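Written out below as C-alpha cells is the structure these notes cover.
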2 protein chains.
Amino acid sequence: MKLPDRVNIVEVGPRDGLQNEREIIPTGVKLEFIRKLATAGLLNIEATSFVSPRAVPQLADAVDLVQQLPVVSGVTYSALVPNKKGLERALEAGIRRIAVFTAASDTFTRKNINMSIAESLAAFAPVVADARKAGIGVRGYVSTSFVCPFEGDISREQVLDVTRRLLDIGVGEVAISDTIGAASPRDVFDTVGHVLARVPREQIALHFHDTYATALANVLAGLQLGITTFDASAGGLGGCPYAPGASGNLATEDLVYMLERMRIDTGVNLSRLVEASTVIATHLGRRLPGRQSQR
Amino acid sequence: MKLPDRVNIVEVGPRDGLQNEREIIPTGVKLEFIRKLATAGLLNIEATSFVSPRAVPQLADAVDLVQQLPVVSGVTYSALVPNKKGLERALEAGIRRIAVFTAASDTFTRKNINMSIAESLAAFAPVVADARKAGIGVRGYVSTSFVCPFEGDISREQVLDVTRRLLDIGVGEVAISDTIGAASPRDVFDTVGHVLARVPREQIALHFHDTYATALANVLAGLQLGITTFDASAGGLGGCPYAPGASGNLATEDLVYMLERMRIDTGVNLSRLVEASTVIATHLGRRLPGRQSQR
C-alpha cells in the first residue's frame, strides 16, 4: 500500500472552530492562539471570516484581527469570503488567500446561505475572478458532500459536478466536506474516488468531522486515494459546546498524532500545537474534545 | 478494495469495560446490561472474569452472575480465566468459553500478572488443555501488541511469536490488542500483516482502544487485511473515569455505526445497543464516551 510521505494540514480552528462559540473571544486571545498555531508549524491557517457580523458575531473582529496577524515564515492566512464586499474588506485588511463555500445539497445551501447551489456558484464567480486578478489563491468548500441532514445520502455525481463547477470558475482547491460527520471510509472511497477519476488530486482537500468517531478512518481512506491535504481544527474546536466530549471538527492533534505515528510528515510540533489549543481551552474554561487535550 | 461482508463483534464491556469502575455495580444491573446487549444482537459477550476478587473487586460476583446469565438464542458468554482454579469455578458456574491473557511485552506481563511471557504461557498450557478437554473454546489476548507503556514499540516478530505459542498450546482465537491505544493503521498493516502471512486470519481478532482517536482507522486497516472479528465495549466503557470524554476501549456503538454505514453486516441493532449502554450510564450517573451516547 502506497501512502504519501507528507501531508498538508489546513488549520480551520480560528474560523470554523470558533464561529459557533457563543462567548465572544477577545481579538488578543485569538491572535495568541493563531501565533502559537503558526509557530507549531501549521502553514495554512484559516484565520477568520468576512461574513456579516450579525450572522457570526464571534468573527466580527475580522478586519482588526487580520491586520494584526503575526508574520511567520512560510505561513499563509486565509479567510472565508461570502461576496464581493467581503472580498474587498479581506483584501484591504491584507488577506492573501480566500475561501468560498457552497454545498452538494440544494436544501442545505438554501438553509445555510439562502441560495441554490447554482445561484451560489453564480454569485461566487465574480468574487473568484476578482480574487484571482488580485493574485489571491481561492479554495472552495463543498459542504454535505456525503450526507445532508435534510436530503440524506448525496450522490457522488453531484459532488463531482459541484467540484468541477467550482474549478471552472477559477477555484484552485476544493475541500470536499463531511459537514455532519456521517461519512464512512466506504463513502470516501466511493465519492472521492469518483471525483479523482476526473479531477487532479492536487486540487482536492478533505474536511472531516468526528461526530461518529470516523474522522481518522476517513483520513486513512483519503490517504489511500492519494489525497495529501486535510483540514482539522485545533483541539477539535467546533463541536457542540453542549455535548461534552462530542466532537465536531476533526482535532488537529488527533490528525497529527496518527500521521506522525504513520511516519507521514506534517511539519507540526504536537506539544506546541497543544499549547495553542490550551490558549482557547483556558479562556473558555473547559476541556476541548481533541485527545491530547484530555490527558 | 475487497472488504468483508460481515463482521463478528466480541462485546467486552461487561468485563473489560466494567473492571476499572470503582463503584461496585450490583449483579442485577450487570445482568440487565448483558440481557440488553444480547438482545441487541451481540452474539459473543465477555461477561466477567474469574480472577481474584481482591485484584478486581468489581467482578467478585462472577459465579453468581454467570449462573444467572440470560439464555438468548445464538449468544455465547465467555469469561477471563487466570489459572486452573479460575477455570474450575468458571466451568462449575456454567461458562462455555474462556479467555486467557498474556502480552507481547515481558515488562508489561511482569507488571500485570507477575510472570514473564514464557511463564504465563507455561501456566496457561494446562488451563487451555483442560478447557479443551471440557469442550470449551479458548481465546487468548496478546496485550501491548503494538506499543508497551514500559518498553515502547513492540516488534512484529515478537507478536507473531507469542501468537503462535498461544495457538500451539491450543488457543483457538488470538486477540491482538492495542492496550494503550497508541497504534496507527501503519502499525496494523505492519504487525497484523506479518502475523497473517503465517497464521490463518480466522484465528485472529483485533482489540483496539481509542485513546488517540485512531481505533476506527485501525479497524479499517484490519478489514483491509481481511480480519472479520473485532472487540469493542458498549458505550466505550473502560476509559479512565477521571478524563471526561477520553476513550479507553473502542465503543461498540462507534464500531457498529461505521461498519453498518460501510454496508458490512454486524447483526447488531444500534438503538437497542444504546439502550444497553444507557443501563450502565444511568447507574454511574455519567455520559459514556461512545458517540451515540453523546447525542
Checklist line | Helix-only mean residue ellipticity at 222 nm for chain A, each DSSP H run of n ≥ 4 adding -39500 (n - 2.57), per residue, nearest 500 | finding: -11000 deg cm²/dmol
Notebook entry, point to check: For chain B, modelled as a GNM with alpha-carbon contacts under 10 angstrom, which of B:G238, B:G267, B:G74 fluctuates the most?
Noted result: B:G74
Notebook entry, point to check: Roughly how many nanometres apart are two label points built 7 Å out from the Cα toward the Cβ at B:E92 and B:L225?
Noted result: 4.0 nm
Next item on the list: Tell me the trypsin sites (Lys or Arg not before Pro) within segment A:1-75 that lie in a loop according to DSSP and have at most 12 other beta-carbon atoms within 10 Å.
Entry: A:K2, A:R22, A:R54
Notebook entry, point to check: A:G135 label points, 7 Å along Cα→Cβ, one per copy: pairwise distances from this copy to the rest in nm, shortest first?
Noted result: 8.3
Check: Which distance in nm do the two modelled labels at B:K2 and B:R110 give, with both placed 7 Å along the Cα-to-Cβ direction?
Finding: 4.4 nm
Next item on the list: Compute the signed sum of charges (Lys and Arg +1, Asp and Glu -1) over the other residues within less than 12 Å, Cβ to Cβ, of B:L259.
Entry: -1
Next item on the list: Treat every Asp and Glu Cβ in segment A:171-295 as -1 and every Lys and Arg Cβ as +1, leave all other atoms uncharged, and give the resulting dipole magnitude about the Cα centre to the nearest 20 debye.
Entry: 300 debye
Checklist line | Directionally averaged projected area (convex hull, Cα atoms, segment A:45-120), nm² | finding: 5.5 nm²
Note to self: Tell me which of B:T39, B:A99, B:V63 sits at the most positive position along the dipole axis of segment B:36-105, charges placed on C-beta atoms (Lys, Arg +1; Asp, Glu -1).
What the structure shows: B:A99
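Using only the alpha carbons of chain A, what is the convex hull's orientation-averaged projected area in square nanometres?
With the hull built on Cα positions only, its mean projection is 13.6 nm².
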Check: Among A:T163, A:T228, A:T282, which one shows the biggest mean-square fluctuation in a GNM of chain A, springs joining Cα atoms closer than 10 Å?
Finding: A:T282
Checklist line | Neighbour cut-off at most 16 other Cβ (10 Å), DSSP loop, GluC sites (Glu not before Pro), segment A:150-255 | finding: A:E151
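Roughly how big is the B-A contact, given as buried accessible area in Å² (both sides, 1.4 Å probe, nearest 100)?
3400 Å²
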Note to self: Around A:G28, under 15 Å between beta carbons, what's the net of Lys plus Arg minus Asp minus Glu among the other residues?
What the structure shows: -1
Notebook entry, point to check: Tally Lys/Arg at +1 and Asp/Glu at -1 over every other residue whose Cβ is under 10 Å from the Cβ of A:V147; what's the total?
Noted result: -3
Margin query: Probe radius 1.4 Å, ligands and nucleic acids ignored: give me the carbon and sulfur share of the accessible area of the protein assembly as shown as a rounded percent.
Written below: 48 percent
Check: Over all Cα pairs of segment A:1-62, how is the pair count split among 5 Å bins, expressed in % and running from 0 up to the last occupied bin?
Finding: 4, 17, 26, 20, 13, 8, 5, 4, 2, 1
Checklist line | Nearest-20 debye value, chain B charge dipole, Cβ charges on Lys, Arg, Asp, Glu | finding: 340 debye
Next item on the list: Return, ordered by residue number, the residues of segment B:1-45 whose backbone nitrogen is under 17 Å from a label point located 7 Å along Cα→Cβ of B:E275.
Entry: B:29-43
Checklist line | P(r) weight above 21 Å for segment A:118-262, C-alpha pairs, percent | finding: 44 percent
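Could you compute Rg(Cα) / (2.2 N^0.38 Å) for segment A:15-141, with N its residue count? Let's see the in-between values first.
Values: Rg = 14.5 Å, N = 127, 2.2 N^0.38 = 13.9 Å.
Taking N as the residue count of segment A:15-141, the ratio is 1.05.
From the gyration tensor of the Cα coordinates in segment A:186-295, what semi-axes in whole Å does the equivalent ellipsoid have, largest first, with each one equal to sqrt(5λ)?
Numbers: eigenvalues 143, 48, 22 Å².
The three semi-axes for segment A:186-295 are 27, 16, 11 Å.
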Notebook entry, point to check: Rank B:S105, B:S293 by accessible area, highest first, at a 1.4 Å probe radius?
Noted result: B:S293, B:S105
Next item on the list: With springs connecting C-alpha atoms under 10 Å apart, model chain B as a Gaussian network and identify which of B:S184, B:S73, B:S49 has the largest mean-square fluctuation.
Entry: B:S73
Item checked: Cβ-placed point charges (K, R +1; D, E -1), dipole of the protein assembly as shown about Cα centre in debye, nearest 20 -> 100 debye
Notebook entry, point to check: Nm distances between the label at A:S73 and the same-position labels in the remaining copies, 7 Å along Cα→Cβ, shortest first?
Noted result: 7.1
Next item on the list: For A:K85, place a label point 7 Å out from Cα along the Cα→Cβ vector, do the same in each other copy, and report the separations in nm, one decimal, smallest first.
Entry: 8.0
Notebook entry, point to check: How many percent of the alpha carbon pairs in segment B:105-157 exceed a separation of 13 Å?
Noted result: 64 percent
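Based on the alpha-carbon gyration tensor of the protein assembly as shown, what equivalent-ellipsoid semi-axes (square roots of 5 times the eigenvalues) come out, in whole Å, largest first? Let's see the in-between values first.
Details: eigenvalues 437, 101, 96 Å².
Square roots of five times the eigenvalues give 47, 22, 22 Å.
The values are calculated or read from the model by the stated rules, or taken from the named source; none is laboratory data. Please read these numbers as outputs of a predicted model, since none were measured by experiment. So basically every Cβ, Gly included, is an ideal-geometry build from the backbone, and we count neighbours across all protein chains shown. Side chains are part of the model used for accessible areas, which takes the heavy atoms of the whole protein and leaves out ligands, DNA and RNA. Shrake-Rupley method; radii C 1.70, N 1.55, O 1.52, S 1.80 Å.
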